[in-house]
1. Counting alpha carbon pairs within less than 8 Å and at least 6 residues apart, what relative contact order, in whole percent, applies to region 1-70?
2. Please list the radius of gyration and Dmax for region 169-241, considering alpha-carbon atoms only, with Å as the unit.
3. Would you mind computing, in nm to one decimal, how far apart the modelled labels at ASN97 and GLU302 are, each placed 7 Å from Cα along Cα→Cβ?
4. I need the shape label for region 13-58. Rule: rounded when a/c is under 1.5, else prolate if a/b > b/c, else oblate, with a, b, c from the alpha carbon gyration tensor.
5. Just to check I understand the Karplus step: with θ = phi - 60° and J = 6.51 cos²θ - 1.76 cosθ + 1.60, what whole-Hz values come out for region 302-319, glycine and proline as x?
6. Can you pull the one-decimal nm distance between simple spin-label points at GLN209 and LYS294, each 7 Å off the Cα toward Cβ?
7. If region 42-91 were replaced by its equivalent ellipsoid, with semi-axes equal to the square roots of 5 times the Cα gyration tensor eigenvalues, what would those be, largest first, whole Å?
8. Within the chain, what whole-number % of the accessible surface is contributed by carbon and sulfur, with the 1.4 Å probe and all protein chains included in the calculation?
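The values are calculated or read from the model by the stated rules, or taken from the named source; none is laboratory data. What you are looking at is a predicted structure, and each value in this text was computed from that prediction instead of being measured. Don't worry about glycine lacking a Cβ; one is built from the backbone with ideal geometry, like all the others, and counts go over all protein chains shown. Accessible surface is based on the protein model in full, side chains and every heavy atom, while ligands, DNA and RNA are left aside. Shrake-Rupley method; radii C 1.70, N 1.55, O 1.52, S 1.80 Å.
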Amino acid sequence: MIQTSIAPFQTQLGAPLTKRSIKVLQINLGKRCNLACTHCHVEAGPKRTEEMTPEVCEQLIEVIRRFDRIETVDLTGGAPEMNYGFKPLVEAARETNKEVIVRSNLTIYFEPGYQDLPEYFARHHVRVVASLPCYLEDNVDRMRGSGVYDGSIRALQWLNQLGYGSDPNLILDLVYNPPVPTARDKFALPPQQQPLEAAYKTYLRQHFQIEFDRLLTITNLPIGRTKFHLEKYGLKRPYLEFLEANFNPATVENLMCRDELSIDYLGNVYDCDFNQMEGLPARTKSGEALTIAKLLEWGTLEASDRVQTAPYCYGCTAGCGSSCGGSLV
């Protein structure tokens, strides 16, 4: 049932959403990208020029080296590979035995100057998390641009040839997003992750001999281009009400924002990538906005004890839950 009002997310929880020990450092290197996908919450594209500065890159490398508790360095964008600091951050993380994730659009491998990426990823055991919002061509090209599906298939075959999808040290995950709705009767959460993963694997294996490790299902949050699309059709509030109506308290324990920090290309600190895009910074108990420079000065990653929340947090807690690691329950 569609509700008529939206309760503050913290009210729904009955208490503040608390932080835990930080294990994941997610870094958005900038908004430069070779694609301009219709559902992109970052609003990245070929005409964007914002990217990480050398100063922020050096600060992040220091954080990676100093804090052993960081287990994963998660690199995103834009196309993270196109933005300043990508390879230095990969190498600093691998030198300190941290897992590295690159959130790749796959088609970047065919752009001039980036053809070395698949071999580079394999050499450094980088986990590739690749957007493929459907296993059918028409749906992918509608969301991501004409010809993107074909390029993605060729890129996945290239990664398979290097051992991705078969070598346990070379992890290849795919990401599913539902279509962005154009009417209330089109509102939908991602399907159950495991059955959809099986369908992906069967189709891609039979048609293209492609293998991958896991499928990650992610809900579209009303942020960035998805928000603009929903506003165009007068659907933003109804969509938020739909997400709230599907709130699942079992997802809260596993929310990604609780043990990660999200850093933007300017060095500002957020609880998650979605808060970053909405300009909602992580804060100390006294309300001071955090930066990576302050964390280095204070010598801690735990300067904040609670997550900043907003109505779009219902997107991560609806149904089976949604995170950069897929469903939560």
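1. Working: 46 pairs, mean separation 18.0, N = 70.
Here the relative contact order equals 26 percent.
2. That works out to 15.3, 46 Å for Rg and Dmax.
3. Each label point is offset 7 Å from its Cα along the Cβ direction, giving 2.2 nm.
4. On the way: a/c = 3.64, a/b = 1.55, b/c = 2.35.
Taking the square roots of the gyration eigenvalues as a ≥ b ≥ c, region 13-58 is oblate.
5. My calculation for region 302-319 gives 9, 7, 10, 10, 9, 7, 6, 10, 8, x, 5, 4, 4, x, 7, 10, 7, x Hz in order.
6. Between GLN209 and LYS294, the simple spin-label model gives 5.5 nm.
7. On the way: eigenvalues 101, 28, 14 Å².
Equivalent ellipsoid semi-axes, largest first: 22, 12, 8 Å.
8. Numbers: 6730 of 13820 Å².
It is 49 percent, rounded to a whole number.
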